[in-house]
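The values are calculated or read from the model by the stated rules, or taken from the named source; none is laboratory data. Computed from a predicted model, the values in this text were never measured in an experiment. Using ideal geometry, Cβ is built from the backbone for each residue, glycine included, and neighbour counts are taken over all protein chains shown. Remember, those area values only see protein heavy atoms, side chains included, never the ligands or the DNA or RNA. Shrake-Rupley method; radii C 1.70, N 1.55, O 1.52, S 1.80 Å.
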Amino acid sequence: MIWDWQFAAEVLPLLLRATVVTIEATLLGTALAMVLGLILAILQRSRFAVVRGAVRSVIEFIRSTPLLVQLYFVWVISPAWVSLLVIGVVVLGVHYATYTAEVYRAGIDGVPKGQWEAATALSLPPRRTWFAVILPQAIRRVIPALGNYLVSMFKETPLLSAIGVLELVREATTLGAQNFRYMEPLTIAGLIFLALSIPAAYLIRWLEVRFGK
């Protein structure tokens, strides 16, 4: 099949518009995963065994089931007025929160025990101990791992097409089916993913160097 530059130029604006949806889903899903993951990590250090056990069970359940199955399940049980993009963002965010929670937990466990003891000796309240002493040290240790999950989520946004979200890959396949030409839209979609993933990887590496000092 010969590459059709005119057709490629026609579909490019539509694909770029769909790219905005992909980026929105990735950024919103990442924000949810980072915040919820941190909450889960802190709850895993609760002094109550029931809380620790419940959080651990939820994390293991979500991590043990496929993301696609989770998407379908939440889509089926959600009210009709809920946006498909909202469903996708929530499922992506919750799914990846179970992974970021483990990353945060590793970072927290890596903080020297003396830091906890010093905070206790200074009679710092728990809130100040967490946000002024522990988390600033823990998070900078796990920036590379958190960044990797950001890139992974971006590359998994095509799964949202399964519930009807008009993201980049779904738009590409739709244009291909409508015009009986898949090479141009799918190739452009792949190049867009590549063009966004590579700078994101370099940004993560820069953050690692910047905050690792």
Of (1) under 11 Å from the mean Cα position of the chain (by Cα); (2) open to solvent by 60 Å² or more (accessible area, probe 1.4 Å), SER57 fails just (1)
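Could we say that TRP81 is among the aromatic types (Phe, Trp, Tyr), open to solvent by 30 Å² or more (accessible area, probe 1.4 Å) and in a loop (DSSP other than H, G, I, E, B) here?
On the way: among the aromatic types (Phe, Trp, Tyr): yes; open to solvent by 30 Å² or more (accessible area, probe 1.4 Å): yes; in a loop (DSSP other than H, G, I, E, B): yes.
Yes.
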With criteria (1) open to solvent by 80 Å² or more (accessible area, probe 1.4 Å); (2) of a type outside the set (Asp, Glu); (3) over 18 Å from PHE154 (Cα atoms); (4) part of a helix (DSSP H, G or I), VAL74 comes up short on (1)
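Test THR187 against the criterion of being open to solvent by less than 40 Å² (accessible area, probe 1.4 Å) and among the β-branched types (Val, Ile, Thr), and give yes or no.
Values: open to solvent by less than 40 Å² (accessible area, probe 1.4 Å): no; among the β-branched types (Val, Ile, Thr): yes.
Answer is no for this residue.
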Here the residues within the stretch 179-195 that are of a type outside the set (Phe, Trp, Tyr) and at pLDDT below 90 are ASN179, ARG181
Over the stretch 85-98, the set of residues buried (at least 16 other Cβ atoms within 10 Å of the Cβ) and out of contact with any Lys or Arg (no Cβ under 7 Å at 6 or more places or on another chain) is LEU85, ILE87, GLY88, VAL89, VAL90, VAL91, LEU92, GLY93, VAL94, HIS95, TYR96, ALA97
Given the structure, is GLU10 exposed (fewer than 15 other Cβ atoms within 10 Å of the Cβ), within 26 Å of LEU166 (Cβ to Cβ) and not polar (S, T, N, Q)?
yes
